[in-house]
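Visitor: The structure is given below, and queries will be raised subsequently.
The values are calculated or read from the model by the stated rules, or taken from the named source; none is laboratory data. None of these values were measured; they are calculated from a predicted model. Heads up, the Cβs are rebuilt from the backbone with ideal geometry, glycines too, and the neighbour counts pull from every protein chain shown. Side chains are part of the model used for accessible areas, which takes the heavy atoms of the whole protein and leaves out ligands, DNA and RNA. Shrake-Rupley method; radii C 1.70, N 1.55, O 1.52, S 1.80 Å.
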Amino acid sequence: MPAAPLPGPRQRYPGEFVLALVRRPLEFLPALARDHGDVAAFNIGPQPLVLLSHPDLIRDVLVTHGRRFHKGRGLERAKILLGDGLLTSEDELHLRQRRLAQPAFHRARIAGYGDIMALYAQRRARDWTDGAELDVSAEMAAYTLAVVGKTLFDADIEAEAPEIGEALSTAIATFNFTVMAWGELLLRLPLPITRRFRRARARLDTTIYEMIARRRASGDDRGDLLSMLLLAHDTEGDGSGMSDVQLRDEAMTLLLAGHETTANALTWAWYLLSGAPGVEAAMHAEIDALADRPLGADDLARLPYTRAVLAETMRLYPPAWIVGRRALDGYDVRGYRLASRTVVLMSQWIVHRDPRWWPDAESFQPERWLPGGSASDPGRPKFSYFPFGAGTRVCIGEQFAWMEGVLALATFARRWRLRLAPGHRVEPQPIVTLRAKHGMRMVAERR
């Protein structure tokens, strides 16, 4: 029996989809899923797209049949900033680069990063003033950028964090512009947005190439990621190491991915905690029960509720809010036939809030992640929660992010509670990651 035509609102003028996807994707895509179910198709110009919203279908694309897909349009265009790093490379190059980077994220090595994560949080918390209004999104971005710089590159870039962070923000803000069909062409024109992007990329390249040059000149093995990548040879491949350009691409990828996503998760956690005093009190009680000393990796087992706060935050506000893959050839899904080069979209924002898998799905309930909570329900599909992706492209820094997020929440919350500033407008901004569009103005209250 031949596959059926794909369901979806193909009869509507494609321009409407372009505008809706760019301006209101967190409204448009969930509505599409509600109207057309777990498989919904539409076109943007000549490009066919399919939105999959069932965990089992997502598992099949990311894991079971992962080799039949390549990254989607977004990550293809991200090469203008990231080059051929772990996020953007494919097939053998991706596997090779992942093999070379993997040792830096071994569980034992990540445990050694815990002290730095807590120390940097403690230092930043000391600079806050009781009653001061802070942009918590900027504070968390500066903190996570400093942690990545120190742990992965053994570089103290805390003083440069505002400038580097601004360059990253500029580059990320260009992203929606680049994924449009005409984006690549427009980037070649001397428009204000393209000039800002080129300046931002040059600023980031300067920092990264300087780190590489200093390390090559010294020949030091500091045991960090940069040393590992400089010294590594692909023993399972051709035995070669990385060029400066390859090192730059991996460093840029990890600098961006290693701080941006965790900073966003922490920002949304403080926002959710400010509106949930009972949750905040339970987290404070857990943290206050620990000995009065700097925290570290050994304390993670004593912070299950704090971890649950982070897990629930990433359910409601997943830093990576959507995943895209491009079919390499024809692919059947529930009796429908996807043509070659169809882009498949899978949104954490949609699936994480689906009431089929999450009772009272829109509410902030960290308790669901504790033993006996709904998150441990054996009937809940595994891929109803996938904040770090899955398959061969699962985030290499997942354990790093969990440790940093939990230790940061606990360390900051020891001294401070944060309250949303009166009148501040909170609006998610879904670009590469899920940012707070207007920042997150909050008032610091000393505990």
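Visitor: Between Val309, Val351, Val245, which gets the highest mean-square fluctuation from a Gaussian network model of the chain, Cα cutoff 10 Å?
Guide: Ranking Val309, Val351, Val245 by mean-square fluctuation puts Val245 first.
Visitor: So, one more: Expressed as a rounded percentage, what relative contact order does the chain have, with Cα pairs under 8 Å and six or more residues apart?
Guide: Across the chain, relative contact order equals 26 percent.
Visitor: I would also like to ask the following. Share of antiparallel DSSP beta bridges in the chain, in percent to the nearest 5?
Guide: Antiparallel bridges: around 80 percent, rounded to the nearest 5.
Visitor: When Rg is the radius of gyration of the Cα atoms in segment 308-392 and Rh is its Kirkwood radius, what does Rg/Rh come to? Walk me through the intermediate numbers first.
Guide: Numbers: Rg = 15.0 Å, Rh = 14.2 Å.
Using only Cα positions, Rg/Rh for segment 308-392 is 1.05.
Visitor: For the chain, give the percent of accessible area contributed by carbon and sulfur heavy atoms, probe 1.4 Å, rounded to a whole number.
Guide: Numbers: 10350 of 19290 Å².
Whole-percent figure for carbon plus sulfur exposure: 54.
Visitor: If you don't mind, another one. Could you give the dipole magnitude of segment 313-447 about its Cα centre, charging the beta-carbon of Lys and Arg +1 and that of Asp and Glu -1, in debye to the nearest 20?
Guide: Numbers: 22 positive and 11 negative charges, 86 e Å.
It comes to approximately 420 debye.
Visitor: Probe of 1.4 angstrom, ligands and nucleic acids ignored: what's the accessible area per residue over the chain, in square angstrom?
Guide: Numbers: 19290 Å² over 447 residues.
Result: 43 Å² of accessible area for each residue.
Visitor: How much length, in nm to one decimal, is gained on full extension between His65 and Arg195, taken as 0.36 nm per residue of separation minus their Cα-Cα distance? Mind showing how you got there, number by number?
Guide: On the way: separation 130, 0.36 × 130 = 46.80 nm, distance 4.01 nm.
The His65-Arg195 span can extend by a further 42.8 nm.
Visitor: How much accessible surface does Arg353 have with a 1.4 Å probe, in Å² rounded to 10?
Guide: Here the residue's solvent-accessible area equals roughly 40 Å².
Visitor: How high is the FRET efficiency from Ser218 to Arg123, r the C-beta distance, R0 22 Å, rounded to 0.05?
Guide: Numbers: r = 26 Å, r/R0 = 1.19.
Computed FRET efficiency for Ser218 and Arg123: 0.25.
Visitor: Out of residues 5 or more away from Tyr336 or on other chains, whose amide H comes under 5 Å of its own, with H placed 1.01 Å from N in the peptide plane?
Guide: Those lying under 5 Å, H to H, from Tyr336 are Ala4.
Visitor: Continuing with this model, one more query. Choose one answer from Ala297, Ala281, Ala401: the residue with the largest mean-square fluctuation in a GNM of the chain with alpha-carbon springs under 10 Å.
Guide: Residue with maximal mean-square fluctuation among Ala297, Ala281, Ala401: Ala281.
Visitor: Report the dimensions of the chain along its three principal axes from the alpha-carbon atoms, largest first, rounded to Å.
Guide: If we take the Cα atoms of the chain, the spans are 68, 54, 44 Å.
Visitor: Report the full-extension gain for the segment Asp154 to Ala281: residue separation times 0.36 nm, less the Cα-Cα distance, to one decimal in nm. Walk me through the intermediate numbers first.
Guide: Values: separation 127, 0.36 × 127 = 45.72 nm, distance 3.61 nm.
So the extension gain works out to 42.1 nm.
Visitor: Based on alpha-carbon centroids, what's the gap between segment 103-135 and segment 310-352 in Å, whole number please?
Guide: That distance is 32 Å.
Visitor: For n ≥ 4 DSSP H runs only, could you compute -39500 (n - 2.57) per run for the chain, divide by its residues and tell me the 222 nm figure to the nearest 500? Walk me through the numbers before you get to the answer.
Guide: Details: 18 runs with 219 residues, N = 447.
When only DSSP H runs of four or more count, the value is -15500 deg cm²/dmol.
Visitor: Give me the distance between the Cα centres of segment 261-296 and segment 359-434, rounded to whole Å.
Guide: Each part reduced to its Cα centre gives a spacing of 12 Å.
Visitor: Work out the FRET efficiency for Glu92 and Ile116 from their Cβ-Cβ distance, taking R0 = 41 Å, and round it to the nearest 0.05.
Guide: Values: r = 34 Å, r/R0 = 0.82.
Step by step, r from the Cβ atoms, then E = 0.75.
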